[in-house]
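**Q** Below: one structure in structure tokens.
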Amino acid sequence: MNQFLLIIIIGSLIVILFDTLASFASRKHQLNYSKFSIVSFTIYTLIGFFAVKHISLAQAVAATGIVGFVDSTIGWYISWIIGPGRPQIEMNLKNKLIAIAFVTILASISGFAGSLVRLLIDSYL
């Protein structure tokens, strides 16, 4: 299996598992689900950090963006089903698409940052 696809699969499984666990924890302990988003962005950054060791910078950023897309679609759906992922306001299709695009772009930026840190560390070692 090619490295790019493997990184996407592993990253997607990680964010889906995290969304599921965070949703149950949020519901059980009455925690604000949105506060878990910092962990999601940490995951994106770490994906970029580790991915760029095995694939190009552009591929690492793309892979992280795809993982962000999976998180903002499948992950959001899972949290919606469990309960805490439901927005307080009714969201129309346009707003949902904007939210998905926003998370995908921020995931790519986080992956880019993580990749750059890795490249800088590797260039000094």
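**Q** Have a look at Ile38, Ile43, Ile10 and point out the one that is under 30 Å from Asp122 (Cα atoms) and loosely packed, with under 13 Cβ neighbours inside 10 Å.
**A** Answer to the check: Ile38.
**Q** Same structure again: Considering each of Thr64, Thr73 in turn, give the residue that is surrounded by 22 or more Cβ atoms within 10 Å (Cβ to Cβ), free of Cβ contacts under 8 Å to residues at least 60 places away in the same chain and under 20 Å from Ile98 (Cα atoms).
**A** Only one candidate passes the filter, namely Thr64.
**Q** Return the only residue of Gly48, Gly68, Gly75 being over 22 Å from Asn2 (Cβ atoms) and either in a helix (DSSP H, G or I) or of a type in the set (A, V, I, L, M, F, W, C) (or both). If you could, list the steps in order and put the result at the bottom.
**A** Details: Gly48 fails: over 22 Å from Asn2 (Cβ atoms); Gly68 fails: over 22 Å from Asn2 (Cβ atoms).
Every option except Gly75 fails the conditions.
**Q** Here is a follow-up. Assuming Pro84 fulfils every condition listed in (1) at pLDDT below 95; (2) touching a Leu at 6+ places or on another chain (Cβ under 9 Å); (3) surrounded by fewer than 18 Cβ atoms within 10 Å (Cβ to Cβ) apart from one, which condition is it?
**A** Failed condition: (3).
**Q** Taking segment 14-35 only, how many residues are farther than 15 Å from Gly114 by Cβ, surrounded by fewer than 20 Cβ atoms within 10 Å (Cβ to Cβ) and under 10 Å from the mean Cα position of the chain (by Cα)?
**A** Adding up the residues that qualify gives 2.
The values are calculated or read from the model by the stated rules, or taken from the named source; none is laboratory data. Source: prediction; values computed, not measured. Glycine also receives a Cβ, built like all others from the backbone with ideal geometry; neighbour counts cover every protein chain displayed.
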